[in-house]
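A short write-up of the structure that comes next.
Every number in this text was worked out from the coordinates using simple rules, so none of it is lab data. None of the values given here were measured: they were computed from a predicted structure. Cβ sites come from the backbone with ideal geometry, for glycine too, and all protein chains shown count toward neighbours.
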Amino acid sequence: MVSDRPTSGAASGAPLWRRHRGLTVLGCVSAFALLLLVLSVFGDQGIFRIKRLARDRALLEERVDAVERESETLKRRLADLRQGRASSELAAREKLGLVKPGEIVYDFRGDPLRRNAAESAAQAR
């Protein structure tokens, strides 16, 4: 009696990969899954790169905030200088000896130690 079922084992003439088709497919799928896993962790768009980019972004956002704060400060100073408030206050404080309320002024112009140091420096030349 002749059976319609394929025979298994070494007696059949089919190649080994065809006899173990399920294992071959499982091996290919496993290799593909492993490749995807490796690329998702270590690739250009991998987890480590995404974390590093997120950290870099946070640092850059902090720097942008600092630069924006500095820019606002400089804009205010520029506006003050253009309006003459800061420059007129500085001129009045230096030339007229004006003092803001609550400030303490130290005057070293008449200090004998400073005068002696200036004289000795002039004699050394």
The farthest towards the positive end of the charge dipole of region 45-97, of the residues PHE48, SER87, VAL67, given +1 on Cβ of Lys and Arg and -1 on Cβ of Asp and Glu, is PHE48
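Explain nothing, just the number: dipole magnitude of region 45-97 about its Cα centre with +1 on each Lys and Arg Cβ and -1 on each Asp and Glu Cβ, in debye rounded to the nearest 20. Numbers along the way, then the final one.
On the way: 14 positive and 10 negative charges, 36 e Å.
Computed charge dipole of region 45-97: roughly 180 debye.
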Taking a cut-off of 25 Å between Cα atoms, list the lysines near LYS75, but don't count ones fewer than 8 places away on the same chain. LYS100
